[in-house]
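Take a look at the structure set out below.
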Amino acid sequence: MNKIVIIGCGNVGMSYAYALVNQKCPVDELVLIDKNNNKAEGEAMDLNHSIPYSPNNLSIKAGNYDDCKNAKIVMIAAGANQNIGETRLDLINKNAIIFKEIIKKVMATKFNGIFLIATNPVDITSYITYKYSKLPASKIVGTGTSLDTARLRYILSKKFEIFPKNVHAYVLGEHGDSEFVAWSSAMIGSVKIDSLLSESEKKEISKEVRDSAYKIIEKKGNTSYGIGMCLLRITNAILNDENAIITVSAFEKDIYVSSPCIINKKGIKRRLKIELSENEQVLYNKSRKIIEETTKNV
C-alpha cells in the first residue's frame, strides 16, 4: 500500500494534497496531520468530496503521528511562512526548533520510509531531518531547486514558444538567493540555449527566476501551486520507481544542496555529474559555502 502522510496543512501541504487527488498518482491512502486538528479534518472532508471526479481512488483522513509508522512518504510542509521582505534563510531559527520536534515524533513510530521536505529554508530543514532521523541520506529528499527549475523552463518556453517539457535546463545550488542557472548545459531539444541568448538576456532570465517567489509573496502572500506540483512530480518518481532526473536538495559533503539527481523507490539513487563552466563552478562553490556556513549555525 502506498501511504503518504502530510505534516502541515497550510497552503503548500494542501496544494500537494490536491495535486495528489487530481493528478494520476499511485497513492492509496493520504493522512493529514496539523497542530490544528479541526483544520486537518476539514481539509480531509473537502478533499474526499472530490474523489468521485478524481483519476485516483484513495482514502483520505486526518490522523496523528502514529500513522507515519507504515507510510511510504512523509512530506513535511510545517513551519513558519516566508513573509514579505524575508529571505528563505531568515526562517532558520523559526523552523529549526519546529523540525527537531516533528522528526522526533515521526521517528518514535519506527518510520523507515522516505522524507520529502518542502519547508524553507529547504536545504537546511533537509539537513536537520537527516541529522535527527538518522536515516540514510538517500531517504531524505528536499524539494530544493525543482521549483526554480520549473520556473526557468516555463520562462524559456514562453520566450522561444516551445512546449516546456522540451526545455532541458537546471537551476543549481541553494534554493535561495545564491542559486544559479547552469546555462552551459541548458538545451532546447538538441540546441544549446547558450547560442540563442545574449549575456544580458541570460542575466535577466536568471533574475526573474530568482525573484519569482518574492514577487508572488508580495502579490498573494505565499507560493503554493508550483511547489505542490513539484512535490507530486517527486512523489510519482518515487512511487513509480521511475529513475527520473529532478533537481532536488540532496546530501553532498556534509550539506544538502541542489543538483540533478536520479529519483526512484529508494529515494535519491545518485547525483548526476554535469559539466559546469569555470564561472558556474565558482557560483556553485559560493552557493555551497553559504549553505555550509548557515548549516553550522543550526
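The values are calculated or read from the model by the stated rules, or taken from the named source; none is laboratory data. Every value quoted in this text rests on a predicted model; they were computed, and no experiment measured them. No Cβ is skipped: glycine too gets one built from the backbone with ideal geometry, and neighbour counts run over all protein chains shown.
Quick grid of which residues meet (1) at pLDDT 95 or above; (2) within 29 Å of Ile246 (Cα to Cα); (3) in contact with an Asp or Glu (Cβ under 8 Å, 6 or more places away or on another chain); (4) surrounded by fewer than 18 Cβ atoms within 10 Å (Cβ to Cβ):
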{"residue": "Met45", "(1), (2), (3), (4)": "yes, no, no, yes"}
{"residue": "His49", "(1), (2), (3), (4)": "yes, no, no, yes"}
{"residue": "Ile76", "(1), (2), (3), (4)": "yes, yes, no, no"}
{"residue": "Gly79", "(1), (2), (3), (4)": "no, yes, no, no"}
{"residue": "Asn83", "(1), (2), (3), (4)": "no, yes, no, yes"}
{"residue": "Ile98", "(1), (2), (3), (4)": "no, yes, no, no"}
{"residue": "Thr109", "(1), (2), (3), (4)": "yes, no, yes, yes"}
{"residue": "Asn112", "(1), (2), (3), (4)": "yes, yes, no, yes"}
{"residue": "Asn120", "(1), (2), (3), (4)": "no, yes, no, no"}
Can you find a residue in the stretch 183-194 that is more than 30 Å from Ile73 (Cα to Cα), part of a helix (DSSP H, G or I) and of a type in the set (Gly, Ala, Ser)? yes
Which of the residues spanning the stretch 85-111 are free of Cβ contacts under 8 Å to residues at least 24 places away in the same chain and among the polar types (S, T, N, Q)? Asn93
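Please verify whether Lys110 is assigned by TED's automatic domain parsing to the domain that holds Tyr16 and touching a helix residue (DSSP H, G or I) at 6+ places or on another chain (Cβ under 8 Å), treating the condition exactly as stated.
Judged against the criteria, Lys110 is not a match.
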Checked pairs for the stretch 269-298, first within 13 Å of Ile255 (Cα to Cα), second in a helix (DSSP H, G or I) and among the aliphatic types (A, V, I, L, M), C-beta under 7 Å and 6 or more apart or across chains, list as Thr294/Leu89; Thr294/Ile92; Thr294/Ile124; Thr295/Ile124; Val298/Ile92; Val298/Ala96; Val298/Ile124; Val298/Ile128
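Inspect the stretch 164-179 for any residue being touching a strand residue (DSSP E or B) at 6+ places or on another chain (Cβ under 9 Å), more than 21 Å from Glu252 (Cβ to Cβ) and among the hydroxyl-bearing types (Ser, Thr, Tyr) and give the result as yes or no. Steps first, answer last, please.
Of all residues in the stretch 164-179, those touching a strand residue (DSSP E or B) at 6+ places or on another chain (Cβ under 9 Å) come to 166-175, 179.
Now restrict to residues that are more than 21 Å from Glu252 (Cβ to Cβ): 166-168.
Next cut, among the hydroxyl-bearing types (Ser, Thr, Tyr) only: none.
Looking through the stretch 164-179, none of the residues is touching a strand residue (DSSP E or B) at 6+ places or on another chain (Cβ under 9 Å), more than 21 Å from Glu252 (Cβ to Cβ) and among the hydroxyl-bearing types (Ser, Thr, Tyr).
From the set of residues in the stretch 112-136 that are part of a helix (DSSP H, G or I) and without any contact (Cβ under 8 Å) to a residue 60 or more places away in the chain, which is nearest to Glu293 (Cα to Cα)? Give the derivation first.
Step one: filter the stretch 112-136 for residues part of a helix (DSSP H, G or I), giving 122-133.
So of that shortlist, the ones also without any contact (Cβ under 8 Å) to a residue 60 or more places away in the chain come out as 125, 129, 131-133.
On the way: Thr125: 14, Thr129: 18, Lys131: 16, Tyr132: 19, Ser133: 22 Å.
The qualifying residue nearest to Glu293 (Cα to Cα) is Thr125.
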Within the stretch 142-168, work out how many residues are crowded, with 21+ Cβ neighbours inside 10 Å and assigned to a loop (DSSP other than H, G, I, E, B). 3
Looking at Ser178, Ser206, which one is touching a Leu at 6+ places or on another chain (Cβ under 9 Å), in contact (Cβ under 8 Å) with a residue 24 or more places away in the chain and part of a loop (DSSP other than H, G, I, E, B)? Ser178
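With farther than 17 Å from Ala182 by Cα and not assigned by TED's automatic domain parsing to the domain that holds Gly113 as the only criterion, which of Ile274, Ile262, Ile245 stands out?
Values: Ile274 fails: farther than 17 Å from Ala182 by Cα; Ile245 fails: farther than 17 Å from Ala182 by Cα.
The match here is Ile262.
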Output the strands (runs of 3 or more DSSP E) that fall wholly within the stretch 225-298 and possess 1 or more residues being of a type in the set (Phe, Trp, Tyr), or say none. 244-252, 255-264
